[in-house]
C-alpha cells in the first residue's frame, strides 16, 4: 500500500482519492482521513490473517476506543446490547445493508466472529451525552415525542436498549437523525418493518427534536 498526500493506492492499481472524503484539502479533517485509511485497510488486509485485537482495533478507529464515536454520522457502539450487534454485522456481511466501509469490512466474518465482536462491544462503556446544558424546551418536546411514539416500549424507558433492540441514550445526534430519516424513507433495511412503520407519521422537525433528546438522555 502506497500513501501520498492525495491518494491511497490499493491492490490492482486502484486508488482512493482522499479529497472525495475529506474535501479539497486532505489535511483539513484528520478524523475523515482516518476513516478513509480504515476503509483501505479493510479492503487490503485479509480478515483471517489478523488477530481479534487487530480487527477490533480497526472498528474502534472509527467508532471510538472508549465506545464513543467522534466521527460525523458514525455511531457510538458502547453498551449496545450483545444480541443487536451480530444482526447488524450479518446484514453488512450479506450485503443486505450497504454502508462502506462496513460492507467490505464484514464480508469475511464468520458467525463466531460476529458473536466475539458483539460480546466485546457490549462490554464497552456507555457513551456520554454532549457537554453543556441542554435546551430545556427542546428536551421537553423530545421527551413528549418519545412518549407519543412509544420509543421506550421497545428501547426501554431509559433508552438503554435490550435484546436485539439498540441503545439510543447518548447516541450521536447526527447519526440518530440520519437513521430516522432513512427508516422513514425506507432506504435503510432492517430485520423487520417496525421502524419503517413507526417513523411514517413523524415529521422531519419531530425527528430533529427526538434525536436532540435521545442524544442527551442518560
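Here, segment 127-171 is characterised by an Rg to Rh ratio of 1.00, where Rg is the alpha-carbon radius of gyration and Rh the Kirkwood radius. Backbone N atoms of segment 166-200 closer than 16 Å to the 7 Å Cα→Cβ label point of residue 150 belong to residues 193-200. With neighbours defined as other Cβ atoms within 10 Å of a residue's Cβ, the residues 176, 77, 60 order from fewest to most as 60, 176, 77.
Here the Kirkwood formula, the inverse mean of 1/r across different C-alpha pairs, assigns segment 170-218 a hydrodynamic radius of 10.9 Å.
Pairs of Cα atoms nearer than 8 Å and 6+ residues apart set the relative contact order; for segment 136-215 it is 41 percent.
Using a Debye calculation, one point per C-alpha and no hydration shell, please list log10 I(q)/I(0) for segment 136-215 at q = 0.21, 0.24, 0.27 Å⁻¹ in order. Scattering profile of segment 136-215, log10 relative to I(0): -0.97, -1.31, -1.64.
A short reminder: the numbers here are calculations on the coordinates, not readings from a lab. In this text the structure is predicted, and so the values were computed from the model without any measurement. We place every Cβ from the backbone using ideal geometry, glycine too, and count neighbours over all the protein chains shown.
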